[in-house]
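To start, the structure itself, in structure tokens.
What follows is calculated from the coordinates using simple rules that are stated; it is not laboratory data. Everything numeric here is computed off the predicted structure, so don't read it as measured data. Neighbour counts run over all protein chains shown; Cβ positions are idealised from the backbone, glycine included.
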Amino acid sequence: MYPEYMAESLRKVAQTRPGRLELARKPAPVYPPMNAEERQAVLEGFHPDYEPSARRPVRVGPNRGETLTTEVADLLESHSWLRSEQVDLEHPDFETDLLIIGGGGAGCNAALVAMQEHGMRSMIATKLRMGDSNTIMSQGGMQAAVSATDSPTRHFLDAIGGGHFENKPELVKALTEDGPAVVKWLEDLGVVWDKEEDGSMQVLHGGGTSRKRMVSCRDYTGAMIMRTLMDEVRNHPDMITIKEFMPAVELIMDDEGRCAGAILYSMDSEEFFTVKAKSTLIATGGYGRLHIRGYDTTNHYGATGDGLVMAYRAGAKLMYMDSVQYHPTGASFPEQIAGFLITEKIRGAGGQPLNKDGELFVFPREPRDIEASAIIRECVQNGGGVETPSGRLGVWLDSPLIDMLHGEGYVAHQFPAMYRQYIRYGIDINKLPMLIYPSLHYQNGGVEINERCETDIPGLYVAGEATGGLHGRNRLMGNSVLDYNVFGRRAGRYAGEYAKSVKLGRLSLAHLDKFEQELADSGVQTDLVTPILLPSYAPKDVKKRRLVRGGNVLPGASVLHNRLHDERSGN
Amino acid sequence: MSAAENLAEERHITVYIMGKAYEVPAEATIMGAIEYAGHQIIRGAGCREGYCGACATIYRLPGDYKIRTGLACMTLVEDGMTLAQIPSVPAEKAIYDIEKLKPDVSAMMQVYPTIFRCVACNTCTKACPQGLQVMDYIQAAKRGDIAAVMDLSFDCVECGLCMLRCPAEITQPLVGILGKRLYGRYLRKESPDLVAKVKAVEDGAFEAEYAEMMALSREALSQRYYALDSE
Ligand SMILES: Cc1cc2nc3c(=O)[nH]c(=O)nc-3n(C[C@H](O)[C@H](O)[C@H](O)COP(=O)(O)OP(=O)(O)OC[C@H]3O[C@@H](n4cnc5c(N)ncnc54)[C@H](O)[C@@H]3O)c2cc1C
Ligand code: SF4
Ligand code: SF4
Ligand code: FES
């Protein structure tokens, strides 16, 4: 339940509701959308990326000299877990056609397509349980031009505009063009889409979409897709091997500069295993658990940007690593769910962000970075935020409006997960609004690829959130679920095709020595060892007591401490 | 001030994690408490938001004989609670070809025949942290009512707690997935618009417009974008 002191503000929200309801029923927008200049101003003033300490130049690797998000620069200027001379590459522990690093949506799609189209075997190495990923959490839905009034080319324009015209156009073309086929492919696998009576897809608006284009499975879209894909992957044990709790820590190359597999680390036994593979796919997802700028995050436990580090050390170029997506609506109260995602579908269905006086202060469906910046402005500059008992700020997201707009029971049916999340704390979102604040949500940048998911390194493919370029510096809602399906499938197709013909040379980890040398030459001093694998949420005093451990003891899983998190957010 | 520091200032209570006592913030979730105690969770955490079911937990409260179940990321601690995480529940997933099944009771009989051992004790329903009517969807599966299996199991997060408690050793979440897949694949009406769009793309109906837009300057593209009408 909300604390007593918020009652006055809640009363104002209720008071303005009938007026806002009337407004929402009209075809005109409930609040004037911003023009290009207004958008730019709010971004520059309030987006966390624009704070002076948010970025710094990176001193090593393919993007050397470029200005990146500070935490990312730290991540890239770090040491490997491995000493190359101690790894036996002559006798690989496993061999496969396609090694897939990451068992989220992109990874599973790739395994299925490589098998179906090329008869290739794959091995999926994943950090946590199969499917524990950002994919399983995606609630709101997936964009795809499936209705009569819409078209892939219109979708293309929306995505490019949302990305401020910085997206790689050939990637956006692939994304939007494959959209309808992906909806069909998933339905044929058994995904239960929300549909109208006549069988047509139920479509909703998302931020920055000019047509209702969001398809969904209640608010369990990702869970439905992930469970269907996982189930199908597990139907082919002879073709697809799954290694859980076996994250990759480094890529293996061959002596001709091709990617040739990876080294996995068993979280249970702390052993390292070599996998020789004809082609390798990085599908490791995002980095929300780095808690960039100290923000709470919506991301799953294993989202620590591992794919970036591995690819970078092997020489792949990154793109747009100066840009981070903060979701406009993360939970701000209660404390226990701080940072949790409140799906954008709530605003798509008519939910409105309101300041402490119950007033609208922004068009509810601006692109995400604009909406998030406007919320931060309202709290930080205009004093329109409500303070929580622990000192967080937040604005209201008026959910009771939704049933009034769509009929009673709509929220209960469309947002069962969201309802469940709040009722536990005595907040019935049918009757009371939610208190929200932007939350670290998505890795806009990543490894640069082309529309075949190829990188600069032959044999190395990347798909899904680990890539950069598709969304420019700002992704629209629903486009990343489409992303991991479209590019996961493409990666399976092209990596599978490549695996058919390649003849690998001698395996090598020389790139690690080279990188280590570059760190030394550039004068980088760091004790950070990456990939980070898991963040640590142990309290400070516990961490201090751990630090007395002797120097040459192996770094056990229990001390995979997230140093970045310690320093920047103080917890 | 950070969330952790604030919590630290608050009231503390005692919980027993795998049998050992720890002082933890009274407002913590079970997951928060385990981490506060200094454990690095490896198995037993995924989404941390109630979606993945990785964090199945069983616990007892003082003076109560009952074994309770929950999701560690979603359940709040209570004073004197004794808890343990269940990192996985062994289950045998059946291998099948969805294209060769019919969306009726025959599929259930073929793929998960164990459901017919259900003794209708309702233990699964009582164990479900999502509050689902688990027994009802198993009964629906026995009747071949695929729509009901889909609907009733829709919010299942595959934590496995129902399986763990079931005296007939039925694998409820897997039955739920089969039901959903059968429903999605066979029992939804096809969307004519969707089929038409897929075909239009295949026929290259949008190629010319793509080519034209990809040749535009940023300026011209921007103009076109801001001129778009909205539905
Ligand atoms: C709460 C939430 C809600 C969202 N809602 C939406 C939405 O409604 N619509 C939308 O379009 N997008 C949404 N997104 C974004 C979208 O879900 C993700 O961008 C997308 O799922 C990424 O898919 P992926 O396959 O690239 O990565 P993931 O699904 O994150 O999978 C990555 C996998 O790689 C594994 N991994 C990581 N490191 C390693 C390693 N070193 N070795 C081996 N494995 C590793 C991880 O454990 C994980 O299993 C949402 C995201 C979140 C967090
Ligand atoms: S039905 Fe079973 S597996 Fe699914 S959420 Fe409920 S208890 Fe967990
Ligand atoms: S616990 Fe098992 S036997 Fe009991 S009702 Fe549920 S499925 Fe049937
Ligand atoms: S960690 Fe995913 S449900 Fe708790």
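Of all DSSP-defined beta bridges confined to chain B, some 90% are antiparallel rather than parallel. Taking a ≥ b ≥ c as the square roots of the eigenvalues of the Cα gyration tensor, an a/c ratio of 1.5 or more together with a/b no larger than b/c marks segment A:118-206 as oblate. Considering lysine pairs in segment B:109-231 that are 8 or more places apart or on different chains, how many have Cα atoms under 24 Å apart? Lysine pair count for segment B:109-231: 7.
Overall, segment B:3-85 carries a charge dipole of about 480 debye about its Cα centre when +1 sits on the Cβ of Lys and Arg and -1 on the Cβ of Asp and Glu, all other atoms neutral. The angle between the Cα long axis of helix A:7-25 and the longest principal axis of the Cα atoms of chain A comes to about 90 degrees, rounded to the nearest 10. Between A:Asn382 and B:Tyr186, the FRET efficiency from the beta-carbon distance, with R0 = 41 Å, is close to 0.15. Here the simple spin-label model places points 7 Å from the Cα toward Cβ, and for B:Ala120 and B:Ser217 these points are separated by 7.6 nm.
For chain B, modelled as a GNM whose springs connect Cα atoms under 10 angstrom apart, the maximal fluctuation among B:Val198, B:Val157, B:Val77 occurs at B:Val198. Phi-derived couplings, Karplus 6.51 cos²θ - 1.76 cosθ + 1.60 at θ = phi - 60°, listed residue by residue for segment A:435-446: 9, 10, 7, x, 9, 4, 10, 8, 8, 4, x, x Hz, with x used for Gly and Pro. Here the relative contact order of chain A, from alpha carbon pairs under 8 Å that lie six or more residues apart, stands at 24 percent. Residues A:Arg59, B:Arg181, arranged from fewest to most other Cβ atoms within 10 angstrom of their Cβ, appear as A:Arg59, B:Arg181.
Please identify the chymotrypsin sites (Phe, Trp or Tyr not before Pro) of segment A:173-271 that satisfy two criteria: DSSP loop assignment and at most 12 other Cβ atoms within 10 Å. Which are they?
none
Just how many % of Cα pairs in chain A lie over 47 Å apart, if you round to the nearest whole percent? For chain A, the fraction of Cα-Cα distances above 47 Å is 11 percent.
With N the number of residues in chain B, Rg(Cα) / (2.2 N^0.38 Å) evaluates to 1.42. Any chance you could give the angle, 0 to 90 degrees and rounded to 10, that helix A:105-118 forms with the longest Cα principal axis of chain A? Tilt relative to chain A: about 60 degrees. Here the spin labels are modelled as points 7 Å beyond Cα on the Cα-Cβ line, and at A:Glu170 and A:Glu518 they lie 2.4 nm apart. Applying the Kirkwood pairwise sum to the alpha-carbon positions of segment B:98-187 produces a hydrodynamic radius of 12.6 angstrom.
In the protein assembly as shown, taking the dipole from charged Cβ atoms about the Cα centre, the farthest positive-side position among A:Ile282, A:Gly61, A:Tyr419 is held by A:Tyr419. Computed from label points 7 Å out along Cα-Cβ, the spacing between A:Asp93 and A:Lys540 is 3.8 nm. Anything over 27 Å Cα to Cα? Flag those among A:Lys317/A:Lys514; A:Lys127/A:Lys345; A:Lys243/B:Lys93; A:Lys26/A:Lys195; A:Lys278/A:Lys514, in the order listed. Correct reply: A:Lys127/A:Lys345. As a length-normalised measure over Cα pairs under 8 Å and 6 or more apart, the relative contact order of segment A:219-356 settles at 13 percent. Angle of helix A:152-162 to the longest C-alpha principal axis of chain A, folded into 0 to 90 degrees and rounded to 10: 90°.
With only Lys, Arg, Asp and Glu charged, each at its Cβ (+1 for the first two, -1 for the last two), find how big the charge dipole of segment A:291-400 is about the Cα centre; round to the nearest 20 debye. Show your work: numbers first, answer last.
Details: 10 positive and 13 negative charges, 73 e Å.
About 360 debye.
Of the options B:Cys128, B:Ser106, B:Val149, report the single residue whose Cα projects farthest towards the positive end of the charge dipole of segment B:98-187 (beta-carbon charges: Lys, Arg +1; Asp, Glu -1). Of the candidates, B:Ser106 comes out farthest on the positive side. Oblate is the label for segment B:3-85, because the ratio a/c of its alpha-carbon gyration tensor axes (a ≥ b ≥ c) is 1.5 or higher and a/b is not greater than b/c. In chain A, taking the dipole from charged Cβ atoms about the Cα centre, the farthest positive-side position among A:Ser399, A:Ile449, A:Val172 is held by A:Ser399.
Under the criterion of Cα pairs below 8 Å and six or more residues apart, the relative contact order for chain B equals 15 percent. In this Cβ point-charge picture (+1 for Lys and Arg, -1 for Asp and Glu), the protein assembly as shown has a dipole of about 1340 debye about its Cα centre.
Scanning chain B for cysteines with no neighbouring cysteine C-beta under 4.7 angstrom from their C-beta gives B:Cys55, B:Cys73, B:Cys118, B:Cys121, B:Cys128, B:Cys156, B:Cys159, B:Cys166.
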